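Colleague: Pasting a structure here, questions to come.
The values are calculated or read from the model by the stated rules, or taken from the named source; none is laboratory data. Computed from a predicted structure; not experimentally measured. A quick note on method: Cβ atoms are made from the backbone with ideal geometry, for glycine too, and the neighbour counts reach across all protein chains shown.
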Amino acid sequence: MLDASIRSKAVAIISSHHANGTIVCLSPEAEQEGLNQGMKVSLARRMSHSAQLIPYNTSLYSRMNQYVYHTLASFSPIVEPAAFGRFYADMSGMQSIYKDLTQAGYRIFKEIQFKSNLDSRIGISNNKLVSQISTDVIHEHISQVKSGEEPQFLSPLPSQILPSSQEISVNRIINFLFLRKVQSIQKIISDYQTGSILFGSHYPRISREAKGEDNSIVQPPRMREHVMVQKVLSSDTNDENILRPVVQELAEQVALQLRNRMKIAGTLTLEIYYTDGYKSTRKGSIHYNDNQSVIGTCTQLFTRAHNRRNRIRSILIDATKLKLTANQLNLFDDAQFESKILSVALDKIRGRYGFDVIKPLAALAG
């Protein structure tokens, strides 16, 4: 859209120009030259001298994402942003405006294409889960799964299409029993006793997903008080000596903002984004906002979340459900008292000279 000269040429979007950067996505012409998603930039340069490597442009994609959201919001009063380029729209009660949902989908597709020159896929169903899966597996612009046909639609699809299959314990069972298709899972969950024994506490969730059931409602974006920090690595890596100092630095930033607001976080979420697009998430909570407490919790969450050998592209920490905290310290916890005093001292130094004036020793060594 921005540069007509690269149309029909081999183009790859990369995480960074560093040799250890990776290809995020690419054009069909680049695929024909042997490049593929996740390939290192150094290898891509050796394989293809004609492919143009363009760095990932976060600000541009954010603007386009917001533009598409506003376009879609003109067709429904309730639109929920789910991820970059993915939205859910509640079309309940819109029968008086649109002849049917397929017609509404066609109008949405044409409007987005006309205003942004972007092709889109629209999945129509009774719930968010099936709509999302339909856009992932059906390559037509508009598809519809009618009510009651959800199990039949999911049956021939690979088991990995179900969100709960990404859970480590569930994934192990699926691989061990060679449950390659959703229909195999559907047969097992049909017997409550067998399904509950095999999948344990995950049985209710995977049972609903295999049947195409999803009771979550479409919710418009809500303003919420939270503290969120993210670090996009200069080069994708799986080196613990590099990753753990990054987690510590992000945790200290969260702790500083919480102390400035005199708050603690009822929910602390750590997300890891891998090179291949996979996301791993773990959640916890913190009862104190000193550096040691927040770093300790974030480190534990990172250890639990980082369970793959793939390289990591970025790490995000999001503190939500903020609550006011009193300055009362535990009378018998000397370690917490010392950590609180140290954190306040660091805040004063960073407030005067900048946050980066003090860094963890491990970060300097790395």
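Colleague: Would you mind stating whether Asn127 is touching a Ser or Thr at 6+ places or on another chain (Cβ under 9 Å), surrounded by 18 or more Cβ atoms within 10 Å (Cβ to Cβ) and under 25 Å from His202 (Cβ atoms)?
Modeller: yes
Colleague: Kindly provide the set of residues from the stretch 205-238 that are farther than 30 Å from Ile14 by Cα and charged (D, E, K, R), ordered by number.
Modeller: Passing the criteria: Arg205, Arg208, Glu209, Lys211, Glu213, Asp214, Arg222, Arg224, Glu225.
Colleague: If you go through the stretch 1-44, how many residues are free of Cβ contacts under 8 Å to residues at least 12 places away in the same chain and either buried (at least 19 other Cβ atoms within 10 Å of the Cβ) or farther than 30 Å from Gln113 by Cβ (or both)?
Modeller: 1
Colleague: List the helices (runs of 4 or more DSSP H) that sit entirely inside the stretch 86-189 and contain at least 3 residues that are under 24 Å from the mean Cα position of the chain (by Cα), closer than 21 Å to Tyr278 by Cα and not small (Gly, Ala, Ser).
Modeller: Ranges flagged: 128-137, 168-176.
Colleague: I'd like to verify a number: residues in the stretch 48-77 that are in contact (Cβ under 8 Å) with a residue 40 or more places away in the chain, of a type in the set (Ser, Thr, Tyr) and within 30 Å of Ala19 (Cα to Cα), how many?
Modeller: Count: 3.
Colleague: Still on this structure, please answer the following. So Glu80 ticks every box in (1) charged (D, E, K, R); (2) touching a residue at least 24 places away in the same chain (Cβ under 8 Å); (3) part of a helix (DSSP H, G or I) but one. Which box is left unticked?
Modeller: The single condition Glu80 does not satisfy is (3).
Colleague: Run down Val246, Val254 and say which single residue is crowded, with 18+ Cβ neighbours inside 10 Å and within 21 Å of Leu322 (Cβ to Cβ).
Modeller: Just a single option satisfies the conditions, and that option is Val254.
Colleague: Right, here's the next one. What do you reckon, is Asn20 in contact with a helix residue (DSSP H, G or I) (Cβ under 8 Å, 6 or more places away or on another chain), closer than 24 Å to Ser314 by Cα and in a loop (DSSP other than H, G, I, E, B)?
Modeller: Answer is yes for this residue.
Residue-wise test of (1) in contact with a Leu (Cβ under 6 Å, 6 or more places away or on another chain); (2) of a type in the set (A, V, I, L, M).
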| residue | (1), (2) |
| --- | --- |
| Lys263 | yes, no |
| Thr267 | no, no |
| Tyr274 | no, no |
| Tyr278 | no, no |
| Thr281 | no, no |
| Asn291 | no, no |
| Asn307 | no, no |
| Ile317 | yes, yes |
| Lys321 | no, no |
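Colleague: Here's another thing I want to ask about it. Please give the number of the condition Ser235 fails out of (1) farther than 19 Å from Gln132 by Cα; (2) surrounded by 17 or more Cβ atoms within 10 Å (Cβ to Cβ); (3) modelled with pLDDT of 90 or more.
Modeller: Condition (3) is where Ser235 drops out.
Every residue, every condition in (1) touching a helix residue (DSSP H, G or I) at 6+ places or on another chain (Cβ under 6 Å); (2) without any contact (Cβ under 8 Å) to a residue 12 or more places away in the chain; (3) assigned by TED's automatic domain parsing to the domain that holds Ala10; (4) farther than 29 Å from Leu179 by Cα, yes or no:
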{"residue": "Arg46", "(1), (2), (3), (4)": "no, yes, yes, yes"}
{"residue": "Gly93", "(1), (2), (3), (4)": "no, yes, no, yes"}
{"residue": "Phe109", "(1), (2), (3), (4)": "no, no, no, yes"}
{"residue": "Ile133", "(1), (2), (3), (4)": "yes, no, no, no"}
{"residue": "Ile142", "(1), (2), (3), (4)": "yes, no, no, yes"}
{"residue": "Leu154", "(1), (2), (3), (4)": "yes, no, no, no"}
